[in-house]
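In what follows, a structure is listed as structure tokens, so that the remarks can point back to it.
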Amino acid sequence: MPLRGATCGFCGLLCDDLEVEVDGAALRVVRGACARSEAALAALGAVVDPVPRIAGKPASLDAALAATVEVLRAARRPVIGGLDVDVAGMRSVLALARRIGAVVDHAGGSIKYRNLHVLQEFGGITTTFAEARNRADLVLLVGDGWWRRFPRFVERILAPNGTERRIVTLSALDPATRLTLPKDADVLALDAPLTGMPAVCSMLNALVEERPVKPARLAGVTPQALQRCAEWLRAAQYGVIVWSAADLDWPHAELTVQAIARLVRTLNGTTRFAALPLAGSDADLTANAVQTWQSGVPLPASYANRSVDFDPNRYALRNVLARGEADALLWVSSLSGAAPPPVPGMPCVVLTRADVELDTAANVQIPVATPGIDAAGHLLRGDKVITLRLPRLREGGPPAVSTVLDLLLARLG
Amino acid sequence: MNVAGEIEGVPIEDTFAEAFGMRATRLVITAETRAWARHAAVSATGFATSVIGCGCEAGIERELTARETPDGRPGVAILIFAMSSKDLQKHLERRAGQCVLTCPTTAAFNGVPKEIAHEWLQLGGALRYFGDGWQISKLIGGKRYWRIPVMDGEFVCEEKAGLVKGIGGGNFLILAADGDSARGAAERAVAAMRKVRNVILPFPGGVVRSGSKVGSKYKALIASTNDAYCPTLVGLTRSALPEGTGAVLEIVIDGLDAASIAQAMDVGIRAACHGGTDAGVVGITAGNYGGKLGPHHFHLKALFA
Amino acid sequence: MSALKFVLRHSPPSAVDVSGLRPAMLAGKSRKEIAQLSLTGWNEVHRVGDLFAVRGDDAQRIVIDGADERLVRIGAGLDSGELTVVGAAGDYLGESMRGGSIVVRGDAGALIGAGMRGGRIDVSGNVGAFAGSGRAGTLQGMAGGVIVVRGNAGDRAADRMRRGLLLIEGNAGDYCASRMLAGTTVVLGRVGIDAGYLMRRGTLVLGRSPHELLPTFNHNGWHDLLAIRLLLESLAVYGKRFQSFARSRPSLSRWLGDLGCDGKGEILIAPGRP
Amino acid sequence: MLTRLSGARIVDPAHGTQQDVRDLYVRDGRMVDRPRDGERIDRTWDAAGTIVMAGAIDLHTHIGGGKVNIARGLLPELGRQHSLAATDVCGACTIGPAPSTLATGYRYAAMGYTACFEPAMLPVNARQAHMEMGDTPIVDKGAYAMLGNDDFLLRLLADGANRAEIRDYVAWTLHATQAIGIKVVNAGGISAFKFNQRSLDVDEAHVHYGITPRTILRELARAVHDLGVPHPLHVHSSNLGVPGNVDSTLATIDAAEGLPIHLTHLQFHSYGTEGDRKFSSAAARIAEKVNASPNVSVDVGQILFGQTVTASGDSMLQCRNSRHGRPPKWVVMDIECDAGCGVVPFRYRDRDFVNALQWAIGLELFLMIRDPWRVFLTTDHPNGGPFTSYPHLIKLLMDRSFRNGVLASINPEAAAMSALGSLEREYSLHEIAIMTRAAPARILGLEDQGHLGPGAAANIVVYEPHPDPEVMFATPRWVFKDGELVAERGEVKTVICGAIHTVKPDFDRGIERKLKGWFEQHHTQSLSSFKIDDEEVCECGRAPRLAVHACRARTA
């Protein structure tokens, strides 16, 4: 069986050290595997020759494109959602959005916005994977899902070749996760539930700044542990605070992210400290970066009325659909396998990963290549600086997002 | 003496009081009790008889009832006068800072209505720094206040105080047969004049005995004793005193406007003359410098208009 | 002269920016000219006359009748005159207004008074989230003027508030006065969780005790502060409920925080039921 | 296809012409001397009465790479206020303090610029930089790769590596990142900041590696020179924006030991500490040194009043200067054992003493440095101000009375401390053409750019003479890029994609063995995913062609 070097696009770590066995359509990770890549490759490897569908019935790409053009021509207020696509795909999405005056937003917009919001209304001091890997002597891990969302984070960044550092975990972790932490690391565990996170993060700010707070037992964390944590933070030479915004899943969690960003800024006044928000999964950073450089404003955005506007309140996909303003949905997804949100009665064109089977029949469904599997593509890594090329892994397969959208654009004229 | 007329038989000289422009402000000081408001007001207006030696002139204008103050507590209105906006700013800041901020329970409010304020002085805006960063700014009913933490709670102080173009140096002189008569007449005048709004009488008890003239034989001094009105120099100098004058006292008036000064002079002179020559008052005159020094001339003959 | 009245003929399919319907934009125009003006929706332009029946002639007094939440940015940028909304107002009511007054007889959407600097907004009903806050990306919320909400407000009321007065007769949602920078917010009803989170300065007066305050607020004691007395008395002009709240002259429980963020804000809580 | 442009006055300093009136001929996107015998002229543009120059070249403008994108994301409230509506050929975009790539391309082209160079491409960020440049339409692009704060080089230097190894590493970087030059930013300082060192002078030792900025500067300048890379080492000196940094700037010139270097945004590095406020102009000292150092070229980084955003690789100094930022929100990043960046919005105010003096210092440098072939017109876009203010800046240089009028309106204390009012020099059109066309092409090694001689790319800008140079330069009548009319009177007519300019000096590929080990030990990507090949860069950069410019190795 041929072994191929691969770069995995199924989380923001973009591990580029995978070896994958390709057997016809079937794919198996031989080296550098994790739960996410295995699941995705197994699912994609089981699909043979996916075909476009019109109202659930198989159709040619040509017919599917024609049907799509019909939907888009009839639409006056289209929304383009999903957007877990590579750079080329996003370039085409935006060309289309400009052409049809669409509102665009990423499927994970509300998650991404937890971090973006703090950037826009506070700023930030951040670092990248290799900096954290080589320099951090203290890492504060916030949240309880980062290890599931970024399965190789510990192996590749936190503890390669037994680096000595202090680790603080802020969240109740299950025992299995705890076991994945480096064995010889000095670990301080603050087992706060998510609901206690806002208060704990504010309290850590107060303690680090030596304000006269009286920390009582807070969200299950003892005052001694909080105090110890503050001491560790202040004693670090190069401290890093890590979180995945997807974990911080409660209303207004961005305020807690701001408390974390503030903690970093305060600590950075005397020692070196930086944040490392784990992101980049489902190409959320990629979509936002391309939108931002091409238009000058981030997602969510509207291309209505031949101009571009940014407004997370007005243009968030969820809000636009909830308000019933849109009259057609174009869902463009090539990585996550996510289906579009159900919008009864609205015309819906869906570009999806090859293995996705929709519960309800969309007007049109067109399978597209997943970057790094059936097409080469570029994605922005989770630390926001590095863009990697994901080489194509196997021949055949559906067309790339950009190919489909460019054909569509040509037909729209 | 060129007489313009008589009041209760007392001759009034046909002359004028010469006054000059000053910068003035009104501060309303309140406290939990009238006594503490008074303490602050007395302190804040102390040692402020003449700009020459004190830098500013200040006095209590009147006491205010709880209904008349912005915070519904007893209060005192004081006026402060200085020669320039800059001077006034400096003295307002010092006096409010040392005498009001320090005094238990007090608060300080601007007493100059917006409509007549010519410019604005920093009051709380200047005192806030005493709060060392703990001060709080608060906009209440369209006005900005500063809350400065102090040991009995908070000193509340309006951010700005209005400045008006006031007038200093309104005056008249009571010529009397002897000291007792002069003092009696002056005290009657002061008691009457205290009821007039917009004015203060900056000298002790409202009265000054050391009337002055411009210049001195000593180079260092810009003013010196008014020898023409000193009874002990009669016969030595060119005296201005009519025969039978044994003592002279002056009342100096600073006011926010000319009408208030004129009114104060009117009620003051009439009160001084009360009882006529029988009460020992020989005449009333006023101090001027021949009209060269100040643009405001208060003619005594206006008393008969 | 009678108020210039815009009666909504039909609800537009998408949000329409009606900030153009304000005195400065309409003064000196005939009804016919006004009817010809255009308002922008999503890929659609509406003639004012198509969307509204236009009546009256006094551009200093404008009434939008039969309004619904599709009408956004009502009175945005207003600097003088009166604007009355009968019905529901959409998001961004009175955004960046500098003067004049807006009265809503009904509910209003999110972000009312976002970034406003002066003037007054009165809403008889409820309002959405982020009342008196600012647009995304800006560092300051409301920076002057007065907002009075007779009903309830959503989450994050007074977020980033910099100056001015936000008065809520009913309840406010979660994270009231989050990141507040200065100014005064009064909530006579209840507030949700974590009031004053990351509050730097400013005053939050609560008519009812919240269930729990953040642990980064320290109790400062019970005080009857002159400045607060003056403040509450000054609110009497905003209606009977504020008047009676001030008249009760409560000694207030004072909390200082958020100590996780400078800690110079104050939450003042009236005694009594949570 | 043969095109003639007739009757214009040609200002083409590379060929020494001084406003000769003659016809220009373009065949298939290139300048030609004259038609072949009997060749038909397909189209004639009547340019009588106009002034024609080659397309302008901006050799230092932050148009690509993560920094500016962070700035865009940081300031959406400003971006959305400056919306550019779509036209028949242009897409909807915005042009705030950090303009969109689309607006950048449109506006540069409309102003007569046909090539722009990103000066601070982080090697780890090179792909994104090329992508952003690829979405910057019309103009040609190129980039300088940043070295001098990367742990690999600092380790080599600390270990006393031989020059051949450093040279190979520099060349490898140029290839791997598809760059046209090498830039060093606050040599060693960005790295030192990661070890909590908050300032680093030219002769101060890096707290971890023990080497000094002087060593880094000298060795990089040497490597770039020996490889024969046309563009000298592009240097952002130590102590950016710090009062008194004149000394470290002079020391930086000395550190080159006579090798060619280019000092960038010199204005930010020409400060003294005289006067009550301990901030003064040191432009005279700097200019004197530059005038006496033929190995040195500079660009100014003029500031212009208004809101902008500064985006720099210099995380150390950006962190330090963040307290002056307005609005007060900022980003600092440590990046991947490679470099860093800092993004701080600034509002330069003419009534502010420091800002006003910064403005004057920039102009002093322009006017005191005598040789227009060695001083370039930049605002360090967007750091000192947007590139769209170039026509205004040209007017300040060409019109003394206008300049003095502005001088009279700025902070009087700053105006009084500046020598600007006494400087009588006014730039001529010829000199403007040198500093914006001929000289940048020459210093970048772009043989076919910056002039109108046969063989040059047909990048032609047709200006209508106007008494106000700002008007003349803001909206040329026609702008041709590779022979195509791309803009007319400020309006974009055709949107095309520009080429990518690079160099590919020879080197010993043995260096990759060492690098591979380094990547495996320290990095979070492999050496092979780091490198960008020709095909990939053209795809990312949407480039119709890769223009590889010749290097003449000077290895002993």
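The values are calculated or read from the model by the stated rules, or taken from the named source; none is laboratory data. These numbers were taken from a predicted model, which means no experiment stands behind them. Methodologically, a virtual Cβ is constructed for each residue, glycine included, from the backbone with ideal geometry; neighbour enumeration extends over all protein chains shown. Areas reflect the complete protein model, heavy atoms only, side chains present, ligands, DNA and RNA absent. Shrake-Rupley method; radii C 1.70, N 1.55, O 1.52, S 1.80 Å.
Annotations
- Test: residue in the stretch D:515-524 that is within 18 Å of D:T177 (Cα to Cα), hydroxyl-bearing (S, T, Y) and away from every other protein chain (no Cβ under 13 Å): no
- Considering residues of the stretch A:120-129 that are out of contact with any helix residue (DSSP H, G or I) (no Cβ under 6 Å at 6 or more places or on another chain) and either open to solvent by 10 Å² or more (accessible area, probe 1.4 Å) or more than 7 Å from chain D (Cβ to nearest Cβ) (or both) only, the residue nearest to D:L78 (Cα to Cα): A:E121
- Screening the stretch D:367-442 for helices (runs of 4 or more DSSP H) wholly inside it with 1 or more residues that are basic (K, R) returns the ranges D:390-398, D:400-407.
- Within the stretch A:294-308, the set of residues being crowded, with 24+ Cβ neighbours inside 10 Å, of a type outside the set (A, V, I, L, M, F, W, C) and more than 7 Å from chain D (Cβ to nearest Cβ) comprises A:P300, A:S302.
- Each residue in the stretch A:130-146 was checked for being open to solvent by less than 10 Å² (accessible area, probe 1.4 Å) and more than 7 Å from chain D (Cβ to nearest Cβ), and 10 pass.
- Members of the stretch A:24-55 that are farther than 24 Å from A:L83 by Cβ, open to solvent by 20 Å² or more (accessible area, probe 1.4 Å), out of contact with any helix residue (DSSP H, G or I) (no Cβ under 8 Å at 6 or more places or on another chain) and not in a loop (DSSP other than H, G, I, E, B): A:V30, A:R31, A:E38, A:A42
- Residue check for B:V248: modelled with pLDDT of 95 or more, in contact with a Lys or Arg (Cβ under 9 Å, 6 or more places away or on another chain), of a type in the set (A, V, I, L, M, F, W, C) and surrounded by fewer than 19 Cβ atoms within 10 Å (Cβ to Cβ): no
- Residue in the stretch B:107-130 that is within 11 Å of another protein chain (Cβ to nearest Cβ) and out of contact with any strand residue (DSSP E or B) (no Cβ under 6 Å at 6 or more places or on another chain) present: no
- Among the residues of the stretch A:80-104, those that are among the hydrophobic types (A, V, I, L, M, F, W, C) and open to solvent by 20 Å² or more (accessible area, probe 1.4 Å) comprise A:A88, A:A95, A:I100.
- The conditions of being within 14 Å of chain D (Cβ to nearest Cβ), in a helix (DSSP H, G or I) and within 30 Å of A:G413 (Cβ to Cβ) are met by A:L94.
- Residues of the stretch A:64-91 classified as under 30 Å from A:P277 (Cα atoms), small (G, A, S) and part of a helix (DSSP H, G or I), total: 2
Residues are listed down the side, and each one gets a yes or a no for (1) within 22 Å of the chain's Cα centre (by Cα); (2) open to solvent by 60 Å² or more (accessible area, probe 1.4 Å); (3) among the small types (G, A, S):
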residue: B:K195; (1), (2), (3): yes, yes, no
residue: B:P202; (1), (2), (3): yes, no, no
residue: B:K219; (1), (2), (3): no, yes, no
residue: B:N226; (1), (2), (3): yes, no, no
residue: B:T232; (1), (2), (3): no, yes, no
residue: B:S239; (1), (2), (3): no, no, yes
residue: B:A262; (1), (2), (3): yes, no, yes
residue: B:V267; (1), (2), (3): yes, no, no
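- Meets criteria (among the basic types (K, R), more than 21 Å from B:K195 (Cα to Cα) and not assigned by TED's automatic domain parsing to the domain that holds B:I80) for B:R238: yes
- Residue ID - surrounded by the fewest Cβ atoms within 10 Å (Cβ to Cβ), chosen from residues in the stretch D:341-363 that are in a helix (DSSP H, G or I) and of a type in the set (A, V, I, L, M): D:V354
- C:G134 fulfils the conditions (1) surrounded by fewer than 24 Cβ atoms within 10 Å (Cβ to Cβ); (2) within 14 Å of chain D (Cβ to nearest Cβ) except for a single criterion, (1).
- Residue in the stretch C:187-198 that is open to solvent by 10 Å² or more (accessible area, probe 1.4 Å), aliphatic (A, V, I, L, M) and closer than 19 Å to C:V148 by Cβ present: yes
- Scan of the stretch A:311-347 for residues that are of a type in the set (K, R), in a helix (DSSP H, G or I) and free of Cβ contacts under 8 Å to residues at least 40 places away in the same chain, ordered by number: A:R314
- Number of positions in the stretch D:190-223 that are away from every other protein chain (no Cβ under 14 Å) and either of a type outside the set (V, I, T) or in contact with a helix residue (DSSP H, G or I) (Cβ under 7 Å, 6 or more places away or on another chain) (or both): 21
- Evaluation of B:N110 against (1) free of Cβ contacts under 8 Å to residues at least 60 places away in the same chain; (2) open to solvent by 10 Å² or more (accessible area, probe 1.4 Å) (one fails), failing number: (1)
- Cβ pairs under 6 Å, 6+ apart, first in the stretch A:76-104 and on the phi > 0 side of the Ramachandran plot, second at pLDDT 95 or above and of a type in the set (S, T, N, Q): A:G82/A:S333; A:G101/C:N43
- Residues (within 14 Å of chain C (Cβ to nearest Cβ) and surrounded by fewer than 19 Cβ atoms within 10 Å (Cβ to Cβ)) located in the stretch B:85-100: none
- Among residues of the stretch D:368-401, those that are open to solvent by 10 Å² or more (accessible area, probe 1.4 Å) and either touching a Lys or Arg at 6+ places or on another chain (Cβ under 6 Å) or modelled with pLDDT under 95 (or both), counted: 1
- Filtered residues of the stretch C:235-251 (kept if under 24 Å from C:G145 (Cβ atoms), open to solvent by 20 Å² or more (accessible area, probe 1.4 Å) and not small (G, A, S)): C:V237, C:Y238, C:K240, C:R241, C:Q243, C:F245
Listed here are the residues, each with its yes/no results for (1) under 23 Å from D:E336 (Cβ atoms); (2) without any contact (Cβ under 8 Å) to a residue 60 or more places away in the chain; (3) in a strand (DSSP E or B).
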| residue | (1), (2), (3) |
| --- | --- |
| D:F473 | no, no, no |
| D:V495 | no, no, no |
| D:S528 | yes, yes, no |
| D:E535 | no, yes, no |
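- Residue ranges of strands (runs of 3 or more DSSP E) in the stretch B:7-72 with at least 3 members under 25 Å from B:A192 (Cβ atoms) and open to solvent by 20 Å² or more (accessible area, probe 1.4 Å): B:16-30, B:57-64
- Restricted to the stretch D:1-113, the set of strands (runs of 3 or more DSSP E) holding at least 1 residues that are without any contact (Cβ under 8 Å) to a residue 12 or more places away in the chain and open to solvent by 10 Å² or more (accessible area, probe 1.4 Å) comprises D:17-27.
- Of all residue pairs spaced 6 or more apart or on separate chains, those with beta-carbon atoms under 9 Å, a first member in the stretch C:165-190 that is within 14 Å of chain A (Cβ to nearest Cβ) and among the acidic types (D, E) and a second member that is open to solvent by 10 Å² or more (accessible area, probe 1.4 Å) and in a strand (DSSP E or B) are C:D174/C:V191.
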